[in-house]
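The values are calculated or read from the model by the stated rules, or taken from the named source; none is laboratory data. None of the values given here were measured: they were computed from a predicted structure. All Cβ positions, glycine included, derive from the backbone under ideal geometry; neighbour counts span all protein chains shown. The protein model used for the area step is the full one, side chains on, heavy atoms only, and it has no ligands, DNA or RNA in it. Shrake-Rupley method; radii C 1.70, N 1.55, O 1.52, S 1.80 Å.
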Amino acid sequence: MLQNNLLGILIPFAGITLAAADFFIGAMPYLLSFAAGAMLYVVAEELIPEMSEGEHSDIGVLSFAFGFTLMMALDVALG
């Protein structure tokens, strides 16, 4: 019973979110790019632990980001 009431409270918020989605359609590619970059950072920093060890841990992450960007640019240019 309590779960049904809590779900009923959330439905108007979902409607407002979906109505606001029309407003963000133009910005969606930029927002998704930002989300993808954040995910790449998490993968490089947390899931590949060797990159974040030592005193210069940012060098590994930046190298990963540069290599990924280079390979994506080559894929778009040549592909």
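Side notes on the structure shown:
- Degrees, to the nearest 10: 2-21 long Cα axis against longest axis of the chain: 60
- Furthest towards positive pole of dipole, 35, 2, 51, structure part the chain, Cβ charges: 2
- Angle in degrees between helix 28-42 and the longest Cα principal axis of the chain, rounded to the nearest 10: 60
- Kirkwood hydrodynamic radius (C-alpha pairs) into Stokes-Einstein, the chain, 20 °C and 1.002 mPa s, D in µm²/s: 132
- Carbon and sulfur %, accessible surface of the stretch 39-79 computed with the full protein complex present, 1.4 Å: 69
- Using a probe of 1.4 angstrom and keeping all protein chains present, the accessible surface of the chain works out to 86 square angstrom per residue.
- Charged-residue dipole, Cβ positions (Lys, Arg, Asp, Glu), the chain about Cα centre, Debye nearest 20: 460
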